[in-house]
Amino acid sequence: MKYYLSLFCVVLLFSCANSDDYSILSKEERTALSKKVFEGGSHLFQGSPKSMTRIEKAIEIDPNNCDAVRELSIAYLKRGMPDKWKLQIDKAVACDPVIWQPYRGYNYLWFYRDYKKAIADFNASDTLTPNFIDAPQGHSVDYWRGIAYLGLKDHENSIKYFNKNIHTETEKYGEDWVEPTAFLYRGIAYYESNDVEKALADFDKVLLYNNNRSADAKYYKAHILKARGKNEEALALTNNAIEDYNTGSHNNRHYVETLRQLYSENFTELLNELKN
């Protein structure tokens, strides 16, 4: 009899997935079915009609499937539809603020360059998890705040949060585990606030932990050498930076331009200045 009962439950779940009446299911059954429908479409092309319909179905079955609610926003985010993205990501934040509020801050930071809203979401995550440092998309909110404040040209706060991020990572795992772009961005913050010696120290750390390959670090170092009248050294370093750039050793991001992103024209311009 137990096998007949199990078969009945499976049939019931699949029949409900193809109908609009989920009231006969318990909360646990709806949660399980929603998860199954959502994960069953993970192979589909993101943003395709089949993918979006599958996600919407999962949410219809269980409106508290916060992962599905968030996933529905991603296609709109990547396709430049902010009104639809905002509607969905706000629902995800309301559904599970601990997970999705700092993630919304990450979206504000990179896709919309709304640094103030990004910082507000990162700050809110501190309140939500006071004894835990959230790490949306693999980096701590301190790291993301450092970038956001640099975007606002608030160098003091940018350096403050990169200091915090670098200190925490170094204490836990060692300095060689720190994300090299943390040193790069802190170096840029020092450079833009005319603290050249500290900037150089950070650019050197980028090169140390990147096997001496970083077009960005060499570009800024070349500018410092140029300002000190060391044009020959700056010229050699710029040529080396161009080699790094051409082999892909430069700071960039998928989907969007990164903060302070350099392009080939930046290196060509510097090269011409040094040659003249």
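Which pairs, out of Lys50/Lys91; Lys36/Lys91; Lys117/Lys205; Lys116/Lys205, put more than 24 Å between their alpha-carbon atoms? Walk me through the intermediate numbers first.
On the way: Lys50/Lys91 22 Å; Lys36/Lys91 21 Å; Lys117/Lys205 31 Å; Lys116/Lys205 29 Å.
Check vs 24 Å cut-off fails for Lys117/Lys205; Lys116/Lys205.
So between Ser26 and Lys116, what do we pick up on full extension, going 0.36 nm a residue minus the alpha carbon distance?
Working: separation 90, 0.36 × 90 = 32.40 nm, distance 4.25 nm.
Full extension of this stretch gives 28.1 nm more.
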Helix-only [θ] at 222 nm, the chain, -39500 (n - 2.57) per DSSP H run of 4+, per residue, nearest 500, equals -23000 deg cm²/dmol
In whole percent, the fraction of accessible protein surface over the chain that belongs to carbon or sulfur atoms, probe radius 1.4 Å, stands at 52 percent
Rounded to one decimal in nm, the spacing of the 7 Å Cα→Cβ label points at Ile74 and Val256 is 1.6 nm
Taking a label point 7 Å from the Cα of Asn231 along Cα-to-Cβ, the residues of the stretch 247-276 whose backbone nitrogen sits under 20 Å from it are 266-276
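Counting other Cβ atoms within 10 Å, keep those with at most 11, restrict to DSSP loop, and tell me which trypsin sites (Lys or Arg not before Pro) in the stretch 131-173 are left.
Working: sites: Arg145, Lys153, Lys160, Lys164, Lys172; in loops: Lys153.
Those satisfying the criteria are Lys153.
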Reduced to Cα centres, the span from the stretch 66-87 to the stretch 178-240 in Å works out to 38 Å
GluC sites (Glu not before Pro) in the stretch 210-274 lying in a DSSP loop, each with at most 13 other Cβ atoms within 10 Å of its Cβ, come to Glu257
Karplus-derived 3J(HN,Hα) from phi for the stretch 243-254 (6.51 cos²θ - 1.76 cosθ + 1.60, θ = phi - 60°), whole Hz, x at Gly and Pro, runs 4, 4, 4, 5, 9, x, 8, 8, 6, 7, 9, 6
Computed over the chain, the relative contact order (Cα-Cα under 8 Å, seq sep at least six) in percent reads 8 percent
Scaled by the rule-of-thumb 2.2 N^0.38 Å, the alpha carbon Rg for the chain gives a ratio of 1.30
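The values are calculated or read from the model by the stated rules, or taken from the named source; none is laboratory data. What you are looking at is a predicted structure, and each value in this text was computed from that prediction instead of being measured. Reconstructed Cβ throughout: ideal geometry from the backbone, glycine too, with neighbour counts over all protein chains shown. Accessible surface areas use protein heavy atoms only, side chains included; no ligands, DNA or RNA. Shrake-Rupley method; radii C 1.70, N 1.55, O 1.52, S 1.80 Å.
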